[in-house]
Amino acid sequence: MKSLAPLMMMLITSSLPIVGCASSPNALASGSGAVSSSQDIRDLIEAARGAPAALCACAARSIWNSWGWSDAPASPLGQPVSSHPRERVRLSDEDVRFLLTSLDTPDPCVRELAVRIVASVERDEVVNGLLERLTAPDSSLRMTAALGLGLGEPRRAVDPLMRATRDDAAGVRANAVWALGRIGDRKAGGAAIIALADRSPMVRQAAAGTVGHLETRNAMPSLTRLLREDRVASVRRTAAWAITQIGGEEPIQELATALQKDPDPTVREMCAWALGELSGGRNASAALLTAGKRDENADVRETAVWSLGEQGDASMVKGIAEILESDRDAEVRGTAAWAIGQLGVDSAPKALINALGDKDPKIRTMAAWALGEIDDRSALPALRTALSKETHDHARKAELRALIHSGESAEELTHLLESEDPEVRKTAIRGIAGHSALDPWPWPQPRPRPFP
């Protein structure tokens, strides 16, 4: 964790507008060093008083790790804070008492930073202090305490947090059910299922995430109901994600229907991803291919094509090749090329060979990689031509790899030893030595999908 107090005080007094972390690039990452004294902590908390929410969110991101998770649904700042990996810090008894007392201050930035620092310490005093505040009269303090317990993940907080899922305040309920998912005790599954029917969409979304993390199988009927009927897109999207974590064949038709009919593209995208993860057979493949060809949103089309590649259904190659040939979005076409390479087909479709001439080097790279997976000797002339014209380093390497994997003769490879490009010469030598020397590069893949 960086020492943020000097930076916060500098930015608070600056005349520069603070729109978000990007307004001061890398500033937080360039702090003067780790928090090493009680005075550092006190300076930081003092600087936090009255700080703008955007600046405080930047500071909070530098304090706590929620890696692999969305952050708590409710925070003192009134906005989610997505944070980055940081090591836990060492605090003295005096520091712990000071930070817990700081939680009682109504200032939202003070609470935000104090809870994230103190929750990073695995100490009984911290858990006791947070549990005490989980039942405080102030609902904002209860919400902050639930956030801290979720970050700290103490097992003995499970029962109090389950009770907190019935709190009058939506922020408390949401953070409590979120915290139960982070702690990971499956006995909390029942409370999370009840929360799926909460009147607050923030709570329903947190509950969907939690039953997904806990893999609560008897939550499936409630999740599919949310996917069909909930009026809030973020709830439906998280429900689709959770369905995937629980698995099984039962929800595949529900996901396929939502992929076709949901009005929100982020929900359709998640459904496309989910069908790829579940490997749902012909019905799922047909729904994915339809979405890959017809959905108005490029992200949905790309994810649908990625999922077809993940499923490995070779009967889809013609449809994916049509997407590669005709889609207007470069990311979709590149992923379509990648997907064809995943299908285990024996011959390369014409669209894949033609993609070697695409103006986008990423698509050329993907197409060459896929041709290298297929090992079709009929692609050799096109690969030779592409290599002779190629100007992009990655695409050139992929084309060389494809030539070698497709059975290029030693004589042709020997000619490449005369190339002026040292990378071409080096790769040719490796190819003459044997195919395996080239693997696993390149391995193009679509962009990863975030947790909702």
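The values are calculated or read from the model by the stated rules, or taken from the named source; none is laboratory data. Nothing here was measured: the structure is a model prediction, and the numbers come from that model. Positions of Cβ are backbone-derived with ideal geometry, glycine not excepted, and every protein chain shown enters the neighbour counts.
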May I ask you to list pairs of residues, at least six apart or on different chains, whose Cβ atoms are under 6 Å apart, with the first in segment 384-408 being touching a residue at least 24 places away in the same chain (Cβ under 8 Å) and basic (Lys, Arg) and the second being assigned to a helix (DSSP H, G or I) and surrounded by 23 or more Cβ atoms within 10 Å (Cβ to Cβ)? 401/372
All but one of (1) crowded, with 24+ Cβ neighbours inside 10 Å; (2) under 27 Å from residue 308 (Cα atoms) hold for residue 178; which doesn't? (2)
Kindly list, by first and then second residue, each pair from a residue in segment 199-222 that is surrounded by fewer than 24 Cβ atoms within 10 Å (Cβ to Cβ) to a residue that is assigned to a loop (DSSP other than H, G, I, E, B) and modelled with pLDDT under 95, limited to pairs with Cβ atoms under 6 Å and residues at least 6 apart or on different chains. 202/73
Selection status of residue 333, part of a loop (DSSP other than H, G, I, E, B) and within 25 Å of residue 304 (Cβ to Cβ): no
Based on this model, can you work out whether residue 118 counts as at pLDDT below 95 and either surrounded by 24 or more Cβ atoms within 10 Å (Cβ to Cβ) or hydroxyl-bearing (Ser, Thr, Tyr) (or both)? yes
Being within 22 Å of residue 278 (Cα to Cα) and part of a loop (DSSP other than H, G, I, E, B) is the filter here, so list the residues in segment 190-222 that pass it. 215, 216
Every residue in segment 155-167 that is over 24 Å from residue 219 (Cβ atoms) and either in contact with a Ser or Thr (Cβ under 9 Å, 6 or more places away or on another chain) or surrounded by 16 or more Cβ atoms within 10 Å (Cβ to Cβ) (or both), please. none
For segment 258-315: of the residues being within 21 Å of the chain's Cα centre (by Cα) and in a loop (DSSP other than H, G, I, E, B), which is farthest from residue 339 (Cα to Cα)? 264
Free of Cβ contacts under 8 Å to residues at least 60 places away in the same chain, surrounded by fewer than 14 Cβ atoms within 10 Å (Cβ to Cβ) and farther than 21 Å from residue 331 by Cβ: which single residue out of 344, 357 fits that description? 344
In contact with a Phe, Trp or Tyr (Cβ under 9 Å, 6 or more places away or on another chain), surrounded by fewer than 24 Cβ atoms within 10 Å (Cβ to Cβ) and modelled with pLDDT under 95, is that true of residue 68? yes
Looking at 304, 272, 284, which is the one that is crowded, with 23+ Cβ neighbours inside 10 Å and farther than 17 Å from residue 333 by Cβ? 284
Write out, first by first residue and then by second, each pair whose Cβ atoms fall under 6 Å of each other, whose residues are 6+ apart or on separate chains, and whose first residue, in segment 127-143, is in contact (Cβ under 8 Å) with a residue 40 or more places away in the chain while the second is small (Gly, Ala, Ser) and in a loop (DSSP other than H, G, I, E, B). 143/74
In segment 225-265, which residue that is free of Cβ contacts under 8 Å to residues at least 60 places away in the same chain and hydroxyl-bearing (Ser, Thr, Tyr) is nearest to residue 452 (Cα to Cα)? 244
Kindly indicate whether any position in segment 326-336 is surrounded by 19 or more Cβ atoms within 10 Å (Cβ to Cβ), basic (Lys, Arg) and closer than 26 Å to residue 273 by Cβ. yes
List the number of the failed condition for residue 147; all other conditions in (1) under 20 Å from residue 243 (Cα atoms); (2) buried (at least 24 other Cβ atoms within 10 Å of the Cβ); (3) not charged (D, E, K, R) hold. (1)
For segment 271-281, enumerate the residues that are under 17 Å from residue 248 (Cβ atoms) and either touching a Leu at 6+ places or on another chain (Cβ under 9 Å) or not aromatic (Phe, Trp, Tyr) (or both). 271, 274, 275, 276, 277, 278, 279, 280, 281
Given the residues 161, 141, 99, which is the only one that is farther than 23 Å from residue 206 by Cα, at pLDDT 95 or above, in a helix (DSSP H, G or I) and hydrophobic (A, V, I, L, M, F, W, C)? 99
Could you say whether any residue in segment 223-235 is more than 21 Å from the chain's Cα centre (by Cα), part of a helix (DSSP H, G or I) and at pLDDT below 95? no
